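Colleague: Handing you this structure, nothing more for now.
The values are calculated or read from the model by the stated rules, or taken from the named source; none is laboratory data. None of the values given here were measured: they were computed from a predicted structure. Glycine also receives a Cβ, built like all others from the backbone with ideal geometry; neighbour counts cover every protein chain displayed.
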Amino acid sequence: MRHALTSFAFAAIMPLHPAAATIVSKADIAGSWEEDPGTCHGGSHVVFSDDGSLHGYDFEGRWSLKGDRLTTIVVARMIGPEERIERVSPPETKTTVIVSASPGRRGERSSDGSLHHFHRCP
């Protein structure tokens, strides 16, 4: 009897079919984005260029999309009060899973499980 209850409880928690991946294209990602509740002013937005380059106020890098996985790689950062650009060694790589997407908005889950929401900047 205990086995039957355990199996029933497990079935109630685990869905029979995993959720489908969110479908996005490089065109959906290309552009300027900021994490909610930002205002897209003051240099806190990130630009994902069509050619796969990436830049923000104090960093440069590249990005790629494979299915619902968005990978960003920071290769240079602005350092010090003189704001000189220095190479990052090793490059800072981060991959997130896009869990929701609509025109001008997207949600991403980081490897630590945290959920982040972004909106497109004009």
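Colleague: Name the single residue that is surrounded by the fewest Cβ atoms within 10 Å (Cβ to Cβ) among those in region 95-122 being among the aliphatic types (A, V, I, L, M) and under 8 Å from the mean Cα position of the chain (by Cα). I'd like the intermediate steps shown before the answer.
Modeller: Filtering region 95-122 for residues among the aliphatic types (A, V, I, L, M) gives 97-99, 101, 115.
Going one step further and asking which of them are under 8 Å from the mean Cα position of the chain (by Cα), we end up with 97-98.
Details: Val97: 16, Ile98: 21.
Going through the qualifying residues, I end up with Val97.
Colleague: Follow-up. Within region 30-83, which residues are in contact with a helix residue (DSSP H, G or I) (Cβ under 9 Å, 6 or more places away or on another chain) and under 15 Å from Thr96 (Cβ atoms)?
Modeller: Within region 30-83, Phe48, Trp63, Ser64, Leu65, Leu70 qualify.
Colleague: State all residues of region 84-102 that are in contact (Cβ under 8 Å) with a residue 12 or more places away in the chain and either farther than 13 Å from Trp33 by Cβ or polar (S, T, N, Q) (or both); if no residue qualifies, say none.
Modeller: Selection gives Ile85, Arg87, Val88, Pro91, Glu92, Thr93, Lys94, Thr95, Thr96, Val97, Val99, Ser100.
Colleague: Would you please list the contacts, defined by Cβ atoms under 7 Å and residues six or more apart or on different chains, that run from a residue in region 60-71 that is under 23 Å from Ser89 (Cβ atoms) to a residue that is part of a loop (DSSP other than H, G, I, E, B) and at pLDDT 95 or above?
Modeller: Filtered contacts from region 60-71: Arg62/Gly52; Trp63/Gly52; Ser64/Gly52.
Colleague: Starting from region 32-53, take each residue that is without any contact (Cβ under 8 Å) to a residue 60 or more places away in the chain and within 23 Å of Pro91 (Cβ to Cβ) and list its partners that are of a type in the set (Asp, Glu) and surrounded by 13 or more Cβ atoms within 10 Å (Cβ to Cβ), counting only C-beta distances under 7 angstrom and pairs at least six apart or across chains.
Modeller: So the pair list comes out as Ser44/Glu34.
Colleague: Restricting to region 103-114, what's the tally of residues that are polar (S, T, N, Q) and under 17 Å from Pro37 (Cα atoms)?
Modeller: Selection size over region 103-114: 1.
Colleague: Among residues belonging to region 38-54 that are of a type outside the set (A, V, I, L, M) and modelled with pLDDT of 95 or more, point out the one that is nearest to the chain's Cα centre (by Cα).
Modeller: Phe48
Colleague: Which residue is farthest from Lys66 (Cα to Cα), if the candidates are limited to region 99-118 and must be in contact with a Lys or Arg (Cβ under 6 Å, 6 or more places away or on another chain) and of a type in the set (A, V, I, L, M)?
Modeller: Leu115
Colleague: Which count do you get for residues in region 79-110 that are modelled with pLDDT under 95 and either outside any strand (DSSP E or B) or on the phi > 0 side of the Ramachandran plot (or both)?
Modeller: Of the residues in region 79-110, 6 are modelled with pLDDT under 95 and either outside any strand (DSSP E or B) or on the phi > 0 side of the Ramachandran plot (or both).
Colleague: Could you please let me know if Ala76 is surrounded by 14 or more Cβ atoms within 10 Å (Cβ to Cβ) and at pLDDT below 95?
Modeller: Working: surrounded by 14 or more Cβ atoms within 10 Å (Cβ to Cβ): yes; at pLDDT below 95: no.
The answer is no for Ala76.
Colleague: Ok, one more. Could you go through region 63-70 and let me know if any residue there is closer than 25 Å to Pro122 by Cα, modelled with pLDDT of 95 or more and more than 11 Å from the chain's Cα centre (by Cα).
Modeller: Checked against the condition, which is being closer than 25 Å to Pro122 by Cα, modelled with pLDDT of 95 or more and more than 11 Å from the chain's Cα centre (by Cα), region 63-70 yields no hits at all.
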